[in-house]
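Here's the structure we're looking at; comments come further down.
The values are calculated or read from the model by the stated rules, or taken from the named source; none is laboratory data. Note that the coordinates shown come from a computational prediction; the quantities given were computed from them, not determined experimentally. In this analysis, Cβ positions are derived from the backbone assuming ideal geometry, glycine residues included, and neighbour counts consider all displayed protein chains.
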Amino acid sequence: QKEVEQNSGPLSVPEGAIASLNCTYSDRGSQSFFWYRQYSGKSPELIMFIYSNGDKEDGRFTAQLNKASQYVSLLIRDSQPSDSATYLCAVLRAGTALIFGKGTTLSVSS
Amino acid sequence: EAQVTQNPRYLITVTGKKLTVTCSQNMNHEYMSWYRQDPGLGLRQIYYSMNVEVTDKGDVPEGYKVSRKEKRNFPLILESPSPNQTSLYFCASSYAESSYNEQFFGPGTRLTVL
């Protein structure tokens, strides 16, 4: 089983809809979880991190963590065409090594 | 401006010709790391460094070397590049003392080995 798994997509949603991105991880001892956004040809940029079970909201973005199910998700409300990008889930391994999923490509159509 | 810089941004080279990709950060970060990104494989860590003179292998270290002689610089060295090292390379840095620290990424270096 891969350490961090994501559906590659593409996930297509209409403008204004909610986009739901999912991620599962294999190491039950993982403590910190990150969502990065990467536009084509650009470097990843951090959107959110979460380390406690439950929801964490920041503007249009909500990260959800369920450690029992080893599941992390990112919800994007009122999706905009500018949200079209690849979203990378990352899990912090022991120390500071970030393990990335392969990413989910999101396409928001206007 | 706080940033991670990489040079060169684009490089086309030939098999066996040694090359160095430089990485520098101005945020006084202890932790620095190199990743490669390939279609279908995602971001994979090559090497990382927890501080000056402290480096360790990531998941795909074969064919690469690094050094950390100064806190701000973390060059990636390919002693004898091969075509399977054609990839997009990212350097990243962060503070080391917390698990919640954001890793800042450089702009990337697109390497083609012919």
> If we keep just the residues of the stretch B:3-57 that are among the hydrophobic types (A, V, I, L, M, F, W, C) and within 12 Å of the chain's Cα centre (by Cα), which is nearest to the other protein chains (Cβ to nearest Cβ)?
Replying inline: B:Leu43
>> Can you list residue pairs whose Cβ atoms sit under 8 Å apart, with the first residue in the stretch A:22-47 being over 17 Å from A:Asp58 (Cα atoms) and the second being among the small types (Gly, Ala, Ser) and assigned to a strand (DSSP E or B)? Count only pairs 6 or more apart in sequence or on different chains.
In response: A:Asn22/A:Ser73; A:Cys23/A:Ser73; A:Gln38/A:Ala85; A:Tyr39/A:Ala85; A:Ser40/A:Ala85
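From A:Ser82, A:Ser43, A:Ser69, which residue is of a type in the set (Ser, Thr, Tyr) and touching a Phe, Trp or Tyr at 6+ places or on another chain (Cβ under 6 Å)? Lay out the reasoning, then the answer.
Working: A:Ser82 fails: touching a Phe, Trp or Tyr at 6+ places or on another chain (Cβ under 6 Å); A:Ser69 fails: touching a Phe, Trp or Tyr at 6+ places or on another chain (Cβ under 6 Å).
Checking each option against the conditions leaves just A:Ser43.
Inside the stretch B:36-79, counting only strands (runs of 3 or more DSSP E) that do not spill past its ends, which hold 1 or more residues that are out of contact with any strand residue (DSSP E or B) (no Cβ under 7 Å at 6 or more places or on another chain)?
On the way: elements: B:42-51, B:54-57, B:76-78.
Hits in the stretch B:36-79: B:42-51, B:54-57.
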>> I'd like to check something: does the stretch B:83-97 contain any residue that is under 14 Å from the mean Cα position of the chain (by Cα), more than 19 Å from A:Ser40 (Cα to Cα) and at pLDDT below 95?
In response: yes
>> Filter the stretch A:45-60 down to the residues that are charged (D, E, K, R) and within 9 Å of chain B (Cβ to nearest Cβ) and list them by number.
In response: A:Glu45
> Residues in the stretch B:99-114 that are crowded, with 19+ Cβ neighbours inside 10 Å, of a type outside the set (S, T, N, Q) and part of a strand (DSSP E or B): how many?
Replying inline: 4
> Within the bounds of the stretch A:96-103, is there any residue that is within 23 Å of B:Ala96 (Cα to Cα), free of Cβ contacts under 8 Å to residues at least 60 places away in the same chain and within 14 Å of chain B (Cβ to nearest Cβ)?
Replying inline: yes
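Tell me, please, whether a residue that is without any contact (Cβ under 8 Å) to a residue 12 or more places away in the chain, of a type in the set (Asp, Glu), farther than 21 Å from A:Val4 by Cβ and surrounded by fewer than 21 Cβ atoms within 10 Å (Cβ to Cβ) can be found in the stretch B:61-69. Let's see the steps before the verdict.
Within the stretch B:61-69, the first condition is being without any contact (Cβ under 8 Å) to a residue 12 or more places away in the chain, and the residues that meet it are B:62.
Filter once more, so that each one left must be of a type in the set (Asp, Glu): B:62.
Imposing the further condition that a residue be farther than 21 Å from A:Val4 by Cβ reduces the set to B:62.
From the residues that got through so far, the ones that are surrounded by fewer than 21 Cβ atoms within 10 Å (Cβ to Cβ) too are B:62.
Checking the stretch B:61-69: at least one residue is without any contact (Cβ under 8 Å) to a residue 12 or more places away in the chain, of a type in the set (Asp, Glu), farther than 21 Å from A:Val4 by Cβ and surrounded by fewer than 21 Cβ atoms within 10 Å (Cβ to Cβ).
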>> If B:Gly108 meets every condition in (1) modelled with pLDDT under 95; (2) within 11 Å of chain A (Cβ to nearest Cβ) apart from one, which number is that one?
In response: (1)
> Restricting attention to the stretch A:73-107, which residues are under 19 Å from A:Ser52 (Cβ atoms) and among the hydroxyl-bearing types (Ser, Thr, Tyr)?
Replying inline: A:Ser73
> Going by the structure shown, is B:Thr109 of a type outside the set (A, V, I, L, M), touching a residue at least 40 places away in the same chain (Cβ under 8 Å) and either touching a strand residue (DSSP E or B) at 6+ places or on another chain (Cβ under 9 Å) or under 16 Å from A:Ser32 (Cβ atoms) (or both)?
Replying inline: yes
> Limited to the stretch B:1-35, what total is found for residues that are at pLDDT 95 or above, in a strand (DSSP E or B) and aliphatic (A, V, I, L, M)?
Replying inline: 5
> Restricting the search to the stretch B:79-98, which residues are touching a residue at least 60 places away in the same chain (Cβ under 8 Å), surrounded by fewer than 20 Cβ atoms within 10 Å (Cβ to Cβ) and closer than 23 Å to B:Asp38 by Cα?
Replying inline: B:Glu79, B:Ser80, B:Ser82, B:Pro83
